[in-house]
Structure formats: C-alpha cells, structure tokens
Amino acid sequence: MDPGEGDFEAFVAARGPRLLRVAWLLTGDAHLAEDLLQSALAKVWPKWPRIAGDRPEAYVRTVLVHLHASWWRRRWRGELPYGEVPDAAGTADPYAHVDLEQSLAAAVRALPVRQRAVVVLRYFEDLSVEDTAATLGCSPGTVKSQSARALSALRAALPASVAGGERHG
Amino acid sequence: MGEPSAEDERELRILLERTVPRLPAPEGLLGRVRERARRTRRRRRTAAAAAVAVTGLAVAGTVLPGLLREIPEPVPPAASASAVPGPPALEVPAPAGTAWQAPRAGSGVRFEHVAGVTLRLPEHWQALEVPDDGRLKVAARGFVSSQRLTPYGLPCPVKSPKSCVPVAALGPDDALLTLAPLAMDGLEKKIEWPPVLYGSDSPSAACRAIRGTREYSGLLGGTPAPYTAVSLTLCVRGDAPGTVEDVSAMVSGADFGKGTVTAPTHTPTTAEHPPNEK
C-alpha cells in the first residue's frame, strides 16, 4: 500500500460523492462525470502524501476544474452543444424534477467553460470570490464579472416556471 | 454588467443543490484510480526513455560520430524479396544530390533504413525515408505523413530542426510521424506491446517549427538485431480527429520482415498512397 493510501481512501469515501456532483455539473453527463473524477483522482493519488495535510479537497477541486477545461479545449468530451434548452414542465408534472434537472444541466452546459466553472465553484461549492479566483487562477474581478454574466445567461435560459415559483425552494 | 444580487445568488445555490443528482458512488473507483495512476506513471517513463533515446541519437550523430559508425547497417529481412515481389518504389520526387529515398512499397511500405520496418499506411498517407549518409550528418529516419512530403536540403543541419523533416508546415489536422532506429541497451524494458503513443501538449521545438500543436512519442519493439527499438514521434497540428488512432493501428501492425508480410494481391502503393496528393 502506498504511503497515505488509507487517508486517500477515507477522503474518496467522504468527499467522492460531492466531487462527483461537481463533475456532473461541469460535464452534464453521469458517465463523463465519473471519468472526470477518476482522472482527477488518478492525478492526485501519486501526490497524496504531499497534499493530504493541506486542504486536499481544494487541491482535488482545482485539478477537477482544470482537467475539465483541458478536456473542453481538446474536445474530448464527445458532447454536443444543445441547440436550445429543453422545455421545463409545470410543477404538476410527475417528471418535473427530471425536467428541471435536464433544463439546468443544459443551461449550465451552454455556458462558456470558464463561466460554468465559476457557477460550479461559487454557487454549488459555495466558495468565496477569492477562493474561486485562486482555484481558477484568475482575479477576483474576473470571477465577479463571469458570475454576473453566467447568472444573466442562466436567467435567460431557464424557463419561467423554473426561474419563478420553482426556484423558491 | 452589474454584480448579481444576493437574492439571485441564493436562489441559484438552492436550485443547484436541489437539482444536481446524487449519483451512486462508482463501483471499484479506487481500483480504477490506482490502475490509471500506474498507467500514467508507466507512460511517462516510456516517453522519457524515448525522448532520451532520440536526443542521444541526435547528439551521437553530431558529437560522437564513432558511436554511430558502430551501428551496423540494418539487415534486410531475408524474406523481403520473395515476400514482397518486385515492389515499385513510391514516386516521390528526390532532388538530385540528396539521399532521400522512397521506401519500398508492397502490401505495406518498407523502410529499409529504419530497421527494415514495414508499415501499412492509412489511406492517402505518404512515406519517405532518409538513410544514414555515412558522413554522420544525417541519422536514418523514416517519415509518414497525412500531407505531401517534400524532400529538401540534405544534409540538414541538426541545429535547425525545421529543415530536417520533409514538411515545411503541417496543415490543419495534418500529422507527421518520424521513425528512427535505436540501438541502445536498456530500452527493452520500456517497450510496450501494442506500442503506445504518449501525448504531450508541449511539443518539441522540431514539432513547433512545423506548426505542430501536440506531440506523441513511443517505442516500437520487435526490431531485428542490432536494433533494440524504433522511436516513434508523431507531430500533429490541431485536433486531427482519428489520426492518433490511425497511427496507433499502423504501428501496431508493423512488421520487421520476419515472414509475416504477405505478397500483394493487388496493385498497391501509389494507388493507395498517392505521393503527391493529400
């Protein structure tokens, strides 16, 4: 067993599910999300003894986001951009949650890759502007402007039923 | 554009938390992570070995001529004449006074000076080889490309990698594979089968000089003595979809004339691999 492997296993068990959701939000696809997380963890594992004691989750998150950006650049993601966001169903629809999930996934996926990362880090992972900037390697001002653009795009893309009543959970 | 309101941000957080699915934990995740990390480690070692080998060969060709002289001429496969009867050479223009040669072509394209390797080229690809010129200005090399190959300027100065390949600039999605015979101890341990091409987003100066944006390297084993491997360096411009797969398939089917090359059953070479067309 490599040094620190027990800790690594514990980390994956504890934080893996959350990181998988982050990966899903970045990729919009369960299989790609799994592959992305696997790739990120494979990059982290050999360095684990060095990073285990110093905010390992932040490190893994950074690898995840940058790896996704590099996939995007190389177009290895094999996904096609949605021409338009699928219709969201009304709240009475028994599949409303599924539709909402699809609408949100499509709307987030339609964002430019940097804005998508900002949304994931700031609004799903709940990082501060400064931590988001550090993760992405950009300035806090860039994070703020990208956040504003992303929110505006999401507001325009998500159907009224979601943007209105549904959003108030 | 103004900053988003706190209320908008709060609503988005809630929406994301509610809608992002809680995916089941992937089975065997840790095992796959470990395997992937080990594979990456192996790739890096092999890529490093290939890079060292190629650099060593280049240095030997310029600084230590005696070393290269000790590498015997490649032994032509005994079965080549009968296995590939009367193969016509590819009609690649070779300027007078240069040592450029078109590899012999049969059911595959044979590189006499690159450990005698025979490759089956992807459709419309071209091949060219240059032998060791005996004056050690040029080490033996084989070239395979998806675009037109134009021999020029031999012997080429090693310090100017751009002039050492028969391509001035790769077109979008084009690729150039360079093959070089190696005779160095210790390479056997680094060779994988089937050969693996390890990619890098930081191409070498030689690759960048022909507008390559990504470079792959690997080692091809199974060479006849005295060679220990053939180094493979693939320079690609752009995404070149399917190119790496095509080249991987091509080198996986490499043959060193040990009796597995079959006689052509149809007129090959120039029809399959037109020399002057892309």
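The values are calculated or read from the model by the stated rules, or taken from the named source; none is laboratory data. All of these numbers come straight from a predicted model, not from anything done at the bench. Using ideal geometry, Cβ is built from the backbone for each residue, glycine included, and neighbour counts are taken over all protein chains shown.
Worth a mention:
- Filter pass, residue B:199 being within 14 Å of chain A (Cβ to nearest Cβ) and touching a strand residue (DSSP E or B) at 6+ places or on another chain (Cβ under 7 Å): yes
- Candidate set from region A:19-35 (those that are more than 8 Å from chain B (Cβ to nearest Cβ), of a type in the set (A, V, I, L, M) and buried (at least 21 other Cβ atoms within 10 Å of the Cβ)); member that is nearest to residue A:126 (Cα to Cα): A:22
- Within region A:92-107, not a single residue is modelled with pLDDT under 85, closer than 20 Å to residue A:30 by Cβ, assigned to a loop (DSSP other than H, G, I, E, B) and more than 14 Å from every other protein chain (Cβ to nearest Cβ).
- Against the numbered list (1) touching a Ser or Thr at 6+ places or on another chain (Cβ under 7 Å); (2) in contact (Cβ under 8 Å) with a residue 12 or more places away in the chain; (3) farther than 12 Å from residue B:23 by Cβ, residue A:60 comes up short only at (1).
- Residue in region B:238-258 that is nearest to residue B:169 (Cα to Cα), counting only those that are small (Gly, Ala, Ser) and out of contact with any Asp or Glu (no Cβ under 8 Å at 6 or more places or on another chain): B:242
- For residue A:136, the requirement of being modelled with pLDDT of 85 or more and away from chain B (no Cβ under 14 Å) is met.
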